[in-house]
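Below you'll find the structure, written out as C-alpha cells, and then a few comments.
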Amino acid sequence: RDRIAEFQTCLEHARELWPLKEDHAFYIDQGSAACLRILLAEVGRRLSSHGVINDSDDVFYLTLDEALTAVKSSTSENLGDLATERRNQRDAQIKIIPPAFLGTLPGDGSLGMAPEFRSMMGPAPEANGDQDETVLRGVGGASGSVTGPAKIVRSPEEFAKIRPGDILVCTSTSPTWTPLFGTVGALVSDSGGVLSHTAIVAREYGLPAVVGVKDGTRRIADGQIITVDGDNGLVLLR
C-alpha cells in the first residue's frame, strides 16, 4: 500500500508538471534565443549599412569575435564574402545524409548500451532497405490509421506547406512544431520512440503516428499518398 500511495503521488506530480515541458521550451529555450537574435539582427543591420557585410543576415554566419571586432572597428574589412562562403557550406552540409552509425557495431547487438537500458529499448529495428519498397517500418507512436497526401517538412520555414488533413513527414518535432498537430491528419518521423515529442503529442491530439522510420523524408515523395498505420508501426506507400 505504501508503494501504491507513493506511485499515486508521483503520478499526480507528473500530470501537474508535464505541461511545463512545452511552456519551458517557449519561455526559456525559444524566448532566450529570440532575445539574442533580435540583438544580433540589429548588429547585422548596422554592419550592412556600413558595408561590412552584404546582407544583414550575414551576421549569423560570423563568429561572435568577428562581429564584435567589426562593430568596434571603423575600418573593418568586408566580411560579406566570408559569410557567403559559410552560408554555401551550411547549405551543402544540410544535404549530406549521415551514416546510421560510426565504427563497427558490437557483434552481440548491444549497440554499446547497458543491459538495463537495452532491455527497456528492445532490439534495434531492422533497416528499411531489406523490406518491401512500398512499406516503411518504424515504431507505432500513436494508434489509428489515416490515408492522405504526405508533406515533407524539414524546418519551421516550411510550415506553410501544410494543409488540413496532410500527413506530416519530418525528421523529428519539438514544441515549435506543436501548432501543426491541430491541422495534420497523421505524422511520420525519421527518428524517435514511444516517448519522443512526436509520439507523445500525437497521442494527445489523437493522431496516428509512426516514428523511428529512419529514412521517411527520403523515401516518401512530397504530395505522395500514403497510409499511416500507427497500430502496427507501418507506413504504406501508394
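The values are calculated or read from the model by the stated rules, or taken from the named source; none is laboratory data. All values derive from a computational prediction rather than experimental measurement. Please note: Cβ atoms are built from the backbone with ideal geometry, for glycine as well, and neighbour counts cover all protein chains shown.
From the list 165, 122, which residue is at pLDDT below 90 and either within 23 Å of residue 221 (Cβ to Cβ) or not assigned by TED's automatic domain parsing to the domain that holds residue 198 (or both)? Reasoning before the result, please.
Working: 165 fails: at pLDDT below 90.
Only one candidate passes the filter, namely 122.
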Filter result (out of contact with any Gly (no Cβ under 9 Å at 6 or more places or on another chain) and either surrounded by 15 or more Cβ atoms within 10 Å (Cβ to Cβ) or closer than 17 Å to residue 134 by Cβ (or both)) within region 194-238: 197, 201, 217, 218, 219, 220, 221, 223, 224, 236, 237, 238
Contacts under 9 angstrom Cβ, first residue in region 50-66 being under 13 Å from residue 82 (Cα atoms) and in the same structural domain as residue 82 (by TED's automatic domain parsing), partner acidic (Asp, Glu) and surrounded by fewer than 22 Cβ atoms within 10 Å (Cβ to Cβ), 6 or more apart: 52/77; 54/81; 61/85
Subset of region 167-187 [in a strand (DSSP E or B) and under 16 Å from residue 156 (Cα atoms)]: 167, 168, 169, 170, 187
Complete set of residues in region 199-238 that are among the hydrophobic types (A, V, I, L, M, F, W, C), assigned to a loop (DSSP other than H, G, I, E, B) and closer than 15 Å to residue 166 by Cα: 207, 220, 221
Residue that is nearest to residue 71 (Cα to Cα) [pool: residues in region 1-21 that are surrounded by 10 or more Cβ atoms within 10 Å (Cβ to Cβ) and of a type in the set (Asp, Glu)]: 12
Residue, surrounded by the fewest Cβ atoms within 10 Å (Cβ to Cβ), within region 22-76, restricted to residues that are among the charged types (D, E, K, R) and closer than 27 Å to residue 181 by Cα: 23
Candidate set: region 130-166, residues that are of a type in the set (Val, Ile, Thr) and part of a loop (DSSP other than H, G, I, E, B); chosen: the one surrounded by the most Cβ atoms within 10 Å (Cβ to Cβ): 153
